[in-house]
Every structure is written in structure tokens, then in C-alpha cells.
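Below is one structure, written out as C-alpha cells; comments come after it.
The values are calculated or read from the model by the stated rules, or taken from the named source; none is laboratory data. Bear in mind the structure is a predicted one, so any value in this text is a computation, not a measurement. Note that we place each Cβ from the backbone using ideal geometry, even for glycine, and neighbour counts take in every protein chain shown. Each accessible area value is taken on the protein alone, full model and side chains, heavy atoms only, with ligands, DNA and RNA left out. Shrake-Rupley method; radii C 1.70, N 1.55, O 1.52, S 1.80 Å.
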Amino acid sequence: MDLTQRQARILAELRLHGSLSATDFAQRMGISAMTVRRDLGELADRAMLRRVHGGAVPVDDAVRPERSDVTTAGHRPPPRSSTGPVPVANEPLFTFGFVVPDPGYYFPAIVDGAVERVRTMGGRLVLGISDYDPERERAQVQRMIERGVDGLLVTSSTNDELETFGQLIDSPVPVVVVERSLDDAVHAGALDLVRTDHAAGAVVAIRLFVELGHRRVGMVTFETPTMPHLRTGFDRALRVLGLEDVGAVEVIDHRQGIREQSTAYLGRALAAGVTAVFVHSDRYAVEFVEAALAMGLSIPGDLSVIAYDDEVASLAAVPLTAVGPPKRDVGWVAAGMLFDRVSTTAERVLTSRHVTLRPNLVPRRSTGSPR
């Protein structure tokens, strides 16, 4: 970290916390306390801050730092102006990076929630896309660290990207994992995490089926990082609600004929007496409903359907009842948790936190009592 970056970080921390301890800042930045005191002296000489015993506090609001001294971490500031102080209202106090697998489905609402929270705190968020490629994912993380972000939000390609989790554990900046489970990653439990309780979402769906009178329920899904949690919730719901397990769970291979697989599944499920099906994701549920209608089935007369994700469920031929993860809330909470890490002093050690949020059920026309 060069002189300009150090002094920019000092000013940003003063704006965030209202004071700065020279010893604490030196420890966190891995530099000598003498270097920090020298920086504080230079900034005080330019009326950028006011020295106090052990550190510094901001100057009076009437005195503003020059734009050249407050900059996004990792970016070189413009040349110093000789015209005196200028406002810095557009300068972010901090910059967070967010690496996601897909910019077009599921994640936009999460990113929007994070952006909204970051902006309310005076920061900026930059986005990186991995396209579900683990190597690209790790390259994006490294690139953001090198550019000087103050913290990272990361949604890994899968739940078991152990190499990525190892990289995040060793990150020099705080990290929050978003919408992924760390249950099977032994050392990654030290990372902070915010995710949807997908298993609870499956329970919500099956409970509605039971309330409507269904006793034989199926589940059909794609292979995704979310699927294992939904299956856990589905199995739990069958057991707790006393439903018969008729073996009507199937994973659809998206590389094969989806319509043909759906039709075959429906034939087997109906033969087993299934009257309701839980479908993930709702993008697939749209095609599933088309296959059911093509077979002459009535929805919800012959078959009730609940989708999971609620991205496009309302646009199906029969608008689908859906369980929707609280995506914006996930982004909002994750950004707030990361800010807690960035703004916590070295003396205050926070234990790792794993937060799960419950999905919401949105009733539509695809569910009803069985005939």
C-alpha cells in the first residue's frame, strides 16, 4: 500500500468511525505505528484531520479534504489541485467486490439488495461474473483483491468449491459467502455466510400440499447447488407430516430432452397416485406444466404444482404457486455483515456468523385440493 492509498484509507476510516487509533490501524494494515503517525501529521498539516492522543479525529465539517486524497482503494488519485479544498460527496467511503456465477437469472435481485445497502452506507459495489467456471471464479476474486477492494461478497460455482473456499480463507480482506452452504467445507466454516434456508422452503411447499389434502407428493428438479437442500427439506417434510414416500423424486438432465423426461416422469408419478409435485426451478416448472397440459392433465384439477425460485413462475401457462427465496434481503444482509467486518477494529474480534433467511410462499392458480 503506497502513501496515497494509506492516507486515503485513513480518511475513509475517519469518515466511517469518527476516530482512528494509530496503533490499531498500523496492526491491521501491517505497517509501523511510526509510519501511521507520520501520515497523520502530514494530513493534519493539510487540515485533513485533527490529531489527538493516540490517533486522530475528523476536522470540523466546514473543512473538507481534497478530492485527490480520498479515492477508491487500489486506484491512483488525480493530480493534486492547487485551488484548495473541494467537495468529495461522490467519492465512496469503501468499495466491495461481488463475484456471482450468473448475471441473468436468480442473482440480479441479490446484487440489487447488496447495491442498495452499500449505497446507504456511502460505498460502491463492483461486480465480477464467473459463469460457473471455478478457475474464472478464483481469477475474479484475485483480481478484485489486487484492485484494492475493502471486502468481498462471493457466491461460488458450487457448494463444494474447496479451492475457492481456501482462497477466501486466506484473503487479506474480509469475505462473506452468499447463497452457498459451508456444511461440508471443514475449514471454510470460519467464513461469514448469508444464505436462504432452501430446506425450509421445501417444507413450506409440502405443508401447503398437505393443508390442501394431498397425501402423495412428488418432487422433480435439476441438478443445481440448491437441489440437495431442497431434497433434504422434502424428505424432512414427508417424515414430519406423515406422508407416504412413493419414490416420486427425480433429477432431470438438462442436457437431454426436457419435455420427454417430464412426460415420462408424469406417467410414473400418476401411476403411483401422486396428486401434487414440487418443481425446481420455476424456469423448468414452466416447461413441466407445458408437458402436463400436453398430456391432457388439468392443473390444479388433476395435478397441483408448486415451483421454487419465483423468477418466472407467474408467467407459466397456468400461473404457478411458488416459494421464493428472499433474494434482495440476502444481498442486503450480506453487505451489512461485510461492512461490520470492515469497520470492526482489531481489538474487537467477531466470531464467524452463518445467517439463514426463510423463503416466502406466493399462492397462485396452480394449487388446489385433489379430486
**OP:** Starting from the Cα of residue 38, step 7 Å along the direction of its Cβ; do the same at residue 51; then give the gap between the two resulting points in nm.
**Re:** 1.4
Original post:
Once the other residues with Cβ under 12 Å from the Cβ of residue 145 are scored (Lys, Arg +1; Asp, Glu -1), what is the net sum?
Top reply: 0
Original post:
Which FRET efficiency value, to the nearest 0.05, do you get for residue 253 and residue 232 by plugging their Cβ-Cβ distance into 1/(1 + (r/R0)^6) with R0 = 30 Å?
Top reply: 0.90
Original post:
How big is the chain in terms of Cα radius of gyration and Dmax, in angstroms?
Top reply: 25.8, 83
Original post:
Taking only DSSP H segments of four or more residues, each worth -39500 (n - 2.57), what value at 222 nm results for the chain once the sum is divided by all its residues, to the nearest 500 deg cm²/dmol?
Top reply: -12500 deg cm²/dmol
Original post:
What list of whole percents do you get for P(r) of the stretch 224-371, with Cα-Cα distances grouped in 5 Å bins up to the one holding the largest distance?
Top reply: 2, 8, 16, 18, 18, 12, 7, 6, 5, 4, 3, 1, 0, 0
Original post:
What order do you get for 255-267, 203-215 when each peptide is scored by the mean count of other beta carbon atoms within 10 Å, highest first?
Top reply: 203-215, 255-267
Original post:
Rounded if a/c is under 1.5, else prolate if a/b is larger than b/c, else oblate: which is the stretch 175-292, with a ≥ b ≥ c the root eigenvalues of its Cα gyration tensor?
Top reply: oblate
Original post:
Each label point is 7 Å from the Cα along the Cα-to-Cβ direction; what then is the distance between the points at residue 207 and residue 131, in nm?
Top reply: 4.2
Original post:
At a 1.4 Å probe radius, carbon and sulfur cover how many percent of the accessible area of the stretch 141-247?
Top reply: 48
Subject >> Hz values of 3J(HN,Hα) by residue in the stretch 281-295 - Karplus curve (6.51, -1.76, 1.60), Gly and Pro given as x >> reply: 8, 6, 5, 6, 4, 4, 5, 4, 5, 4, 5, 5, 5, 5, 7
Original post:
Using 1/(1 + (r/R0)^6) with R0 = 41 angstrom and r between the beta carbons of residue 240 and residue 116, what's the FRET efficiency to the nearest 0.05?
Top reply: 0.65
Subject >> Mean accessible surface per residue for the chain, computed with a 1.4 Å probe while every protein chain stays in place, in Å² >> reply: 45
